[in-house]
Every structure is written in C-alpha cells, then in structure tokens.
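Presented below is the structure to which this report refers.
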Amino acid sequence: MRRFSKTGRLPCFALAALLLLGSCSTARQDADWIWSAGVVLTMDPTRRVLEDGAVVVRGERIVAVGRRADLERSYRAARRIHVSEAVIAPGLINAHTHAPMSLLRGLADDVALQDWLEKYVFPVEAKFVSPDFVRAGTRLACLEMALGGVTTFADMYYYEDAVAEATRECGLRGVLGETILNFPAPDAADFQQALDYTERFVRRFQGDPLIVPAVAPHALYTNSEESLRASRALANRYGVPLLTHLAETRQEWDQAMARFGKSPVAVYEQLGLFEGPTVTAHCVWLEELDLRILSRRGVGVAHCPSSNMKLASGVAPVTKMLAAGIPVGLGTDGPGGSNNDFNLFEEMDLAAKLQKVSTGDPRALPAIQAVEMATITGARALGMDREIGSLEPGKRADLILIRLDAAHAVPLFDLYSQLVYALKASDVEHVMVNGRLIVHSGRMLTLNSRAVLLEARRLQSRIAGSVGK
C-alpha cells in the first residue's frame, strides 16, 4: 500500500484526514487551575490514592481528578500549582467550634466546664462581645484555620451575621448557627429575641455560596423545652440545620435523669429536636438506646477529643457510633478554655489515640478512619457530603496541598498514617475554597495577617484589664 506520493508528499485527502485527527488529539479543554503533586488523596467512595496525580478546577468546582500526564493532555489552565513532594487532599472540616472565642484563648484553663462558663466566659462575653469583637475574633480564627488546612467549619456563637461576614471575607466555608439561650445573651435579652434575630440571619444568608445559616440552641441545661421546640420549628421552617451541644458531661447526664428520667439524647428525641437535619457536639455520655436513636434519626456528631480531654468530660464512644452508622466528624470546640487552637491535624491524632487507650485495643479507630472523620465523614455529619469532603468531579473545589519534605514527614510508608500521626498543620502549603486560592506558599491572601494579630492583641489588653474586676 502506497503511503507517500512520488513527490514525497501525502495525497490531499490523506493530508486533510491527518490534520483533522491531529487537531482532535491535541484539542484541550479550558480550565482555571490544574493542581498536581506526587500524591492525590481523593477520599472518594473507593478511596483512590493517585501517584503523580492532578486535580482540575473550573469555576467553583472540580472537573477532573486523575493522573497528571493524562489530565495535562486533556486540559489547559493559565494557573498551575505543582509540588512533587506533596499530597493534594480535600480541605479539612472542623465540625464544631466557636470561632470568635479565639480572642479568649487561654483566658481560663484547668478549670471545670461549669466554672469556666459561669465564672469566666459568660461574664467576659457580657461585657465585651459586640459585632466588632465577633468580626475580629472570626478573622483571627479563620486565619489560623485556613493556614492549617481547614476549609469548612461549623460555628455556634452570637452576632452570627458578623461571623458570616468575616467568614466570607476570609473565603472559608461555614455552617454558622446563631446561639439561642434561655437567659440574656450579648445579642438578645431572651430566647424570643434570639429566635427573631436568628430568623433574620437565616433569611439573609440562605443560598449563599459559602454560608449555610443554622439555628443553634445551646444545650439542654441552658435551654427550656419551649425554646428547644421553637428552635427546631424555626430550622424546619427554613430547611436549615440545627446545631447544639449534647451529652457532653456527666453533670448534664445526671441533671437530665433527675429532671426527665431520661438521658439527654432521649430527652431531645422526646422533644422532637431530631426531626430535621441536626448536628450535635460531643455526645460523650451515651447508652445503647442513645446510639440507636442517633443512628435512626441520621444525626451528625462532632467529636471534640481535645476539649473532652482538657475539661475531663469523658471519652466519647466513637467506635460504637461509627459502627452504628452515625456520621462522626471532628471538631476543635472553642479556644477560650475547652481547647486552645483550631488544629485538625491534632484532633485526628488525638481521636485515634483516645479510642485506642480507652478501649485497650490498638486497632481501634485506625488512621484511615481519622482522616475520613476530618474529611468525607465530617461532611456527611454536616449534611454536605454531596458538595464537599472528597476530590471528585462535580464537587466544590475545596482542596489543600500538604508538603511531604520535612524531617518529620520522611520516610513515608503509609499516607493515612503519616497524615494522622506525623504531619502538622504547619505543613499545609496551599489552600483553595470554592475555586478561590486563599493560601499560597503558607501565606494568607484574603487577610492582612499583621492587622488581624494587632487587633487581637489590642482586645487582649482590654479583656485582661477587666478579668476579676
């Protein structure tokens, strides 16, 4: 078969066919970003770990995840990030915190929960908490969280609209609950005012690309039955989640048994609090019936190991909850005394070790489960696993790059083990949320870090001068 003409040129029809095939093979789709690294940890349903992998982002979403060579043939992007000795992973999810309390970090340590609340936190909050205080504290918290690889956090505090404004400014994703109490709070004289405030907050932020507004009755011991039921009704009216503390301490358990003859979980069930999307923080003191209730109702749980240890609240039965099909994420809790930072790497490490030492089984809560709790299972606990928590086409572009070239990161035999037991929040190099790069080379792009720290120190001086007066 003749391949060339006598002149050495292809026949015209053959040349046209070759040009057409060549244009098809080299045509690439446009994208905004291509991130690539030595390893991509997808946390997808098959838990794929890709060597020399890449993630392609267009707009707010991931469009492709795969081998770097394959994706570079299929996509072109003006903006690239490549680090060979690194892992690209889903953004971490802090399933429970009180972000503005970053300004109360270390205010009162080594005291019991009730003393911490009643003697220190509540009095200081009554005197200092304002929209400006909340914005400053949220900026400080978001700075720390973003630099440590947290891309989504669930929050409960006051002036939650100011929390939302600062969260959007920083570029993080937030499930933000306005706190409802049965006594005067910084932004409401009573629970009815708090409900009215919450309704305005929910209406303002519904549909926001970064903010999920929520209703947050504080706890069984700080809310009446009336305010708890009203909180659930408000959440259901707008189709938003309800966030609350639950079964955190033995004292809470004893009070519920004395008052209702039931566990705190059973009381919430009786009051109808689980009749809609619900995220409960702590769940330390549970019995078998409680596990069945939480599982049947699809309640998400935020496990806060640092907080539970520091306040001597007890050890949450995490392995039992996971075995019962309860989605359990990880939370840092607030840094005002129950925990002093927003470090999800630390929470992964402590969550795994706490279950091992409390059960006497070194196989309890293996590293892969701890990583799941900080990513895809945490997203499921917040009811957001269709949007975030893993690196899959169609999901929101929330991703982080973690360097693997520090002394504590070498050698690497098992990636999950390295993430949980060796790597640090300071190893995070780049962070993207919703397709927007917010941390580059360890530097926050959306905030003036120096100004944030200066404001925090200024407020520290004011608070320190009032403590004990």
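The values are calculated or read from the model by the stated rules, or taken from the named source; none is laboratory data. Keep in mind it's a predicted model, so treat the numbers as computed, not measured. All Cβ positions, even for glycine, are placed from backbone atoms using ideal geometry, and neighbour counts span all protein chains on display.
A few comments on the model shown:
- Meets criteria (touching a residue at least 40 places away in the same chain (Cβ under 8 Å) and more than 22 Å from Leu41 (Cα to Cα)) for Gln460: yes
- Being touching a His at 6+ places or on another chain (Cβ under 6 Å), free of Cβ contacts under 8 Å to residues at least 60 places away in the same chain, surrounded by 24 or more Cβ atoms within 10 Å (Cβ to Cβ) and not aliphatic (A, V, I, L, M) is not true of Thr138.
- Where strands (runs of 3 or more DSSP E) fall wholly inside the stretch 31-110, the ranges with 3 or more residues that are of a type in the set (A, V, I, L, M) and farther than 21 Å from Gly394 by Cβ are 75-90.
- Test for Glu455: is it within 30 Å of Val49 (Cα to Cα), surrounded by 13 or more Cβ atoms within 10 Å (Cβ to Cβ) and either in the same structural domain as Thr167 (by TED's automatic domain parsing) or not aliphatic (A, V, I, L, M) (or both): no
- Total residues in the stretch 308-327, condition surrounded by 22 or more Cβ atoms within 10 Å (Cβ to Cβ) and not in a loop (DSSP other than H, G, I, E, B): 2
- Test: residue in the stretch 416-428 that is of a type outside the set (S, T, N, Q), assigned to a strand (DSSP E or B) and not assigned by TED's automatic domain parsing to the domain that holds Pro362: yes
- Pairs meeting the criteria (first residue in the stretch 212-231 and in contact (Cβ under 8 Å) with a residue 12 or more places away in the chain, second residue among the charged types (D, E, K, R), beta carbons under 7 Å, at least 6 apart or on different chains) are Val215/Glu178; Ala216/Glu178; Leu220/Glu252; Tyr221/Glu252.
- Criterion: out of contact with any helix residue (DSSP H, G or I) (no Cβ under 7 Å at 6 or more places or on another chain), within 25 Å of Ala112 (Cβ to Cβ), part of a helix (DSSP H, G or I) and among the small types (Gly, Ala, Ser) - qualifying residue of Ala194, Ala235, Ala258: Ala258
- Test: residue in the stretch 345-356 that is among the aromatic types (Phe, Trp, Tyr) and either touching an Asp or Glu at 6+ places or on another chain (Cβ under 7 Å) or closer than 25 Å to His408 by Cβ (or both): yes
- Residue check for Val279: surrounded by 16 or more Cβ atoms within 10 Å (Cβ to Cβ), of a type in the set (Val, Ile, Thr) and assigned to a strand (DSSP E or B): yes
- Applying the criterion of at least 1 residues that are under 16 Å from Ile93 (Cα atoms) to the helices (runs of 4 or more DSSP H) found wholly in the stretch 120-187 leaves 131-147, 160-170.
- Test result for Leu294, part of a loop (DSSP other than H, G, I, E, B), over 18 Å from the mean Cα position of the chain (by Cα) and surrounded by 20 or more Cβ atoms within 10 Å (Cβ to Cβ): no
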